[in-house]
Amino acid sequence: MDPVIKIRVEELTFRYGTRTVLRDVNAVFFEGALTAVVGPSGRGKSTFLMALNRLWEEVPGADARGRVWVRLDGNERLVSDPSFPVTELRRRVAMVFQVPNPLPMSIFKNVAFPLKVMGLRDKAVAAEVVEDALRRAFLWDEVKDRLREDARLLSGGQQQRLCIARALAAQPDVLLLDEPTSSLDARAAGIIEELLLTLKGRCTLVVVSHYLEQVERLADQVYEVADETLQLVS
Amino acid sequence: MKRGCWERAVRCGCYAAGFWVVSGAVAVVGFAVRQGAPHVTPKLLFGGVSAREALFGGAPVFDGLWPAVVGTFYLVAGAVALAAPLGLATGIYLAEFSRGRLKEVLTVFFDVLAGVPSVVVGLFGFSVSLLLHKMVSPRLGPCLLVAAFSLMILVLPYVIRATQSALEGVPQEVRITALSLGADPVQNLAWVLIPHSFRGIASGLLLAVGRCAEDTAVILLTGVVVTAGVPRSLLDPFEALPFYIYYVSTQYASPEELERGFGAALILLGVSVSLFAVAYAVRRAVGHWALYRA
């Protein structure tokens, strides 16, 4: 059976003001696979991720043209379709940033945040989802006794796993990760890599990275950013 | 060597400036305490009536400062209650929704409003009360409500600009965190941006509280009087401490009367400090609550 295409990008061009960062990008990402996007810094890898969940719209001066489709519930949907709410898109195509960004609130509230956004009020259900997300992010055993503590007191690696747990809490179809290990030490990075391998299959992963060994260990498919576009390497 | 000299000189200059400011403040407060403390007695506050009767029995106080203390509290509460919702909403609009030319014009406009002398604001309030008197009812005139309304205009720019700059100071990565998790702009504002900038917003409100408690020029023209008793409604004239101090210091007929003025100054200082303490406590508690409530 052929792999199912989860995300399809056609003729994507991206500008910051007058500077073109990406030009006529075409790419596909397969369901349940981990695709790595590699390349030197400052060439538009992170920008590319923001085009997939329309987060670029929140960045002053950014402008994207082209088409991005995401397959959700069996249907391909154009992300820029006005009838497709951007809030729903971002819940289903979640994102983890390079620098861990816990919100200034407790560990529990951080992970439960996407549920609150969706309007879920049932505390018992929320507690269940939070526990499950923290377990999937390999963080439950370390924080289960301190869920009410300020999340910003966790170590860098724990904060990044917290952010992954928070992204997982909304049960996303796609998880975008922007250099998720670059601000961490080798041990913390190793844990995150292991975690990403367990997420493969259940979730479509797009990981920006510039560590080639990491990419070789993890990725099913690799794109490289070069000459303002994305080229399939393997 | 030369560099070292420069550094030392700059550091000494900064220390001297800091010391000068602190000693000035200490001198002013010390002077008020020295002159006023011996005269702050239950008699100064309540006159011939006992404190219990004045506080709980509703006995009118004729020759004490109690009505002025109550009047000042009402005035501050009223003005801040009017200014807070309007100022917060306007600040949020300027920071989050207004763009381009209109935003520039409005920002300059509120800066100008912040620079309007308070006596001009007082004159505006006076005109409003005249208008109400003529158009609505001859019973209306300068009163607590008009004074609070005028003070609101005076402090509105502080609240607006503090809210605006606190929100605009939220870093971009915090700003997009909740949005990347599927929050809509209103949720982002309510759950991330406002809690994140809460300290800055609260500082604007604190400034407003202080300004309302001390201003004399505005209330002078909008309803303060020498003797009114504890105000019974928003449409009554009222007494206030800053006006009493101004009145006594310009019109005193005997040294005893001036001493009462110093006592009033110390009481006003106490009222301001307690308002600040309450505001600080609220700021801390709300900050903690926003952070840890499940």
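Every number here is computed from the coordinates shown, using simple stated rules; none is lab data. This one's a predicted model, so the numbers in the text were calculated from it and none came from an experiment. Please note: Cβ atoms are built from the backbone with ideal geometry, for glycine as well, and neighbour counts cover all protein chains shown.
Under a Cβ-Cβ cut-off of 14 Å, what is the net charge of the residues other than B:GLU239 that fall near it, where Lys and Arg count +1 and Asp and Glu count -1? Around B:GLU239, the surrounding residues sum to 0. Using the average count of surrounding beta-carbon atoms within 10 Å as a protection proxy, the listed peptides B:123-136, B:169-182 rank, highest first, as B:169-182, B:123-136. Spacing of the modelled spin labels on A:GLU58 and B:VAL282, each 7 Å from Cα toward Cβ, amounts to 3.0 nm. Dividing the convex hull volume of the alpha-carbon atoms in the protein assembly as shown by its residue count gives 248 Å³ per residue. Database remark: amide H of A:VAL37 closer than 5 angstrom to the amide H of A:VAL207, A:VAL208, A:SER209, A:TYR223 (H placed geometrically; neighbours at sequence offset of 5 or more, or on other chains; Pro and chain starts carry no H). Any idea what angle helix A:186-199 forms with the longest principal axis of chain A, computed on alpha-carbon atoms, 0 to 90 degrees, nearest 10? Between the helix axis and the principal axis of chain A, the angle is about 80 degrees. The convex hull around the C-alpha trace of the stretch A:1-120, projected and averaged over every direction, spans 9.5 square nanometres.
Taking the Cα centroid of the stretch B:1-46 and of the stretch A:156-193, what is the distance between the two, rounded to the nearest whole Å? What the calculation gives is 52 Å, centre to centre.
Which net charge results for the neighbourhood of B:VAL112, defined as the other residues with beta-carbon distances under 14 angstrom from its beta-carbon, given Lys and Arg at +1 and Asp and Glu at -1? Result for the local shell: -1. Using the Karplus relation 6.51 cos²θ - 1.76 cosθ + 1.60 with θ = phi - 60°, the per-residue 3J(HN,Hα) values for the stretch B:245-258 come to 5, 4, 4, 5, 5, 9, 10, 5, 9, 8, x, 4, 5, 5 Hz, with x marking Gly and Pro. For the pair the stretch B:58-80 and the stretch B:165-228, the centres of their Cα atoms are 27 angstrom apart.
Between A:SER106 and A:ALA151, the built amide H atoms are under 5 Å apart, and every one of these is 5 or more places off in sequence or on another chain. Counting, for every residue in A:89-99, the Cβ atoms of other protein chains within 10 Å of its Cβ and taking the mean gives 3. Note on chain A: helix-only mean residue ellipticity at 222 nm, from DSSP H runs of 4+ residues weighted -39500 (n - 2.57) and normalised by residue number, equals -10000 deg cm²/dmol. Give me the percent of DSSP beta bridges within the protein assembly as shown that run antiparallel, rounded to the nearest 5. Within the protein assembly as shown, antiparallel bridges account for around 55 percent of the total.
Take each residue of peptide A:103-112, count the partner chain Cβ atoms within 10 Å of its Cβ, and average: the result is 4.
Could you tell me how many degrees, from 0 to 90 and to the nearest 10, lie between the Cα long axis of helix B:144-168 and the main elongation axis, the longest principal axis, of the Cα atoms of chain B? Between the helix axis and the principal axis of chain B, the angle is about 20 degrees.
For the stretch B:215-294, would you read off the P(r) tail past 14 Å as a percentage of all alpha carbon pairs? Summing the P(r) of the stretch B:215-294 above 14 Å gives 72 percent of all pairs. Stick to Cα atoms and the Kirkwood definition of Rh, then tell me Rg/Rh for the stretch B:22-75. Using Cα coordinates only, the ratio equals 1.13.
Taking a Cβ cut-off of under 10 Å around A:PRO114, the surrounding Lys, Arg, Asp and Glu residues balance to a net charge of +4, with basic ones at +1 and acidic ones at -1. Helix B:2-36 axis versus longest C-alpha principal axis of chain B: approximately 30°, rounded to the nearest ten.
Taking every residue in A:55-67 and counting other chain Cβ atoms within 10 Å of its Cβ, the average works out to 1.
Quick one: if the Förster radius is 60 Å, what FRET efficiency do A:ASP145 and B:TYR252 give, using the C-beta to C-beta distance and rounding to 0.05? My answer for the efficiency is 0.35. Rounded to the nearest whole Hz, the Karplus-based 3J(HN,Hα) values (6.51 cos²θ - 1.76 cosθ + 1.60, θ = phi - 60°) of the stretch A:18-28 follow the sequence 9, 8, 7, 9, 10, 9, 6, 7, 10, 7, 10, with x at glycine and proline.
Taking Rh as the Kirkwood radius computed over C-alpha pairs, what is the Stokes-Einstein D of the stretch A:5-232 at 10 °C in a medium of viscosity 1.306 mPa s, expressed in µm² per second? This corresponds to a translational diffusion coefficient of 88 µm²/s. Rounded to the nearest 500, the 222 nm mean residue ellipticity of chain B from helices alone is -24500 deg cm²/dmol, with -39,500 (n - 2.57) taken per DSSP H run of at least 4 residues. Distances between every pair of Cα atoms in the stretch B:40-292, grouped in 10 Å steps from 0 to the bin holding the largest one, split as 7, 26, 29, 21, 11, 5, 1, 0 percent. A cut-off of 5 Å between modelled amide H atoms, ignoring neighbours fewer than 5 places along the same chain, links A:LYS6 with A:PHE29, A:PHE30, A:GLU31. Here is the list for the stretch B:203-266: chymotrypsin sites (Phe, Trp or Tyr not before Pro) lying in DSSP coil, each with at most 14 other C-beta atoms within 10 angstrom of its C-beta, are B:TYR252.
Charges were assigned to the Cβ only: +1 to each Lys and Arg, -1 to each Asp and Glu. The resulting dipole of chain B about its Cα centre is roughly 720 debye.
Residue by residue, the stretch A:228-234 carries 3J(HN,Hα) couplings of 6, 9, 9, 10, 6, 9, 7 Hz when phi is fed to the Karplus relation 6.51 cos²θ - 1.76 cosθ + 1.60 (θ = phi - 60°); x denotes Gly or Pro. Straight-distance candidates among the lysines for linking to B:LYS134, with alpha-carbon spacing under 16 Å and chain neighbours fewer than 8 residues away dropped, are absent.
First measure r as the distance between the Cβ atoms of A:ASP227 and A:PHE30, then evaluate 1/(1 + (r/R0)^6) with R0 = 25 Å and state the FRET efficiency to the nearest 0.05. My answer for the efficiency is 0.55.
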